[in-house]
Amino acid sequence: MSSSLYKQLGLSGAGSPLTGRHLALLILGAGFLALTVFVVHPNEFRIQSFFAGSSSSCGGRPGTDAPAAAVGSPHVATTAAARAPPPAPDDDYVRVLIGIQTLPSKRARRHLLRDVYSLQAQEHPSVAGSVDVRFVFCNVTSADDAVLVALEAIRYGDIIVLDCAENMDNGKTYTFFSTVARLFNGSSSSSTASRRYDYVMKADDDTYLRLPALVASLRGAAREDAYYGLQMPCDTESFYPFPPFMSGMGYALSWDLVQWVASSDLARREQDGPEDMWTGRWLNLAGKAKNRYDNAPRMYNYKGASPDSCFRHGFVPDTIAVHMLKDDARWAETLAYFNDTAGLPRSSGLYHLPLPAASP
């Protein structure tokens, strides 16, 4: 390098920190670094470039191109476990989609359920790979709710908005089953369409599900022509003058029955009526659901001050589901019984909370 170039770069003259010798060493070192990156280890450079490009192209939003996290977990560890590919199907492995029917405005209830189910997945990692929990609405008509629901969908990836008018007993359940059948039928090239389920469950947002117990129970059930839940009427003196059906607290259909609902003219025509009764009616009239699983007394309504019945009683240790948890007090009592807060560290000095009452 000429002395004039040194001067133009400000690298010579009195007080200059660099001499020509120093600059030559710097150039030699840079050349060695370039040789190492591009020639000796070219793959590492490509990998880093790939991730850098992916981040910018996705706008920095986590998980926008990845499948939605199972159990709708807000926790990084659970989300990562949920996105891991499931093991190869076998007799002991079952995949379940749970659609919790709720309303856009019930954000506090959704956050409670996210906490409950993500903690269950953390304590039982196999659940994270077996169960996907989604919150199901019909069309969102409020501009405010539309913004807040969109925010939840981006953050948690656990929202399904059906193309229907919001309702409880006028077709929402039919639309849920038929929409799921189309989305996951394997005929589309989208990433979601390849994720198939053994069972699809409709559940209420006032139902507490113990996911490990649910999955363990479903492992022993048939994978075809199966109808699972709490059968009603559950006694000979019930006021329901209706053929048997599974309570709307939470019932599951095997995948073939979900596909049948989507293609059935009977189900399409008869949507207006109590949704759980009508689902049973479809199956009964069509001669479907030969494999029926009545989970009494493991699925039941919250007792409170009401008398015991075949569908309502106190907590039992091997519970699968508790229904009619209409307020925070009932949720707190239920979660305390099943020790859902047992993982809270008591020795840290950070949590000055009363100990939950011991379970019987």
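Summary of computed values
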| quantity | calculated |
| --- | --- |
| Distant-in-sequence amide H partners of Ile159 (H built 1.01 Å from N, under 5 Å) | Phe135 |
| Distance-filtered residues of region 243-266 - backbone nitrogen under 13 Å, label point 7 angstrom along Ala286 Cα→Cβ | 253-266 |
| Region 292-359: C-alpha gyration tensor shape, a/c 1.5 cut-off, then a/b vs b/c | prolate |
| Lysines with Cα under 23 Å of Lys202, excluding same-chain neighbours fewer than 8 positions away | Lys106, Lys172, Lys288, Lys290, Lys303, Lys326 |
| For Cys138, distant residues with modelled amide H under 5 Å away | Leu162, Asn167 |
| Exposure ranking of Met201, Met324 by accessible area [1.4 Å probe, largest first] | Met324, Met201 |
| Long-range Cα-Cα pairs in region 194-311 (distance over 21 Å), rounded percent | 38 |
| Along each principal axis, Cα extent of region 110-170, largest first, Å | 38, 26, 17 |
| For Ile154, solvent-accessible area (1.4 Å; no DNA, RNA or ligand), Å² | 90 |
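The values are calculated or read from the model by the stated rules, or taken from the named source; none is laboratory data. Predicted model only: the values in this text are computed from it and were never measured. Cβ coordinates were reconstructed from backbone atoms using ideal geometry, including for glycine residues, and neighbour counts include every protein chain displayed. Each accessible area value is taken on the protein alone, full model and side chains, heavy atoms only, with ligands, DNA and RNA left out. Shrake-Rupley method; radii C 1.70, N 1.55, O 1.52, S 1.80 Å.
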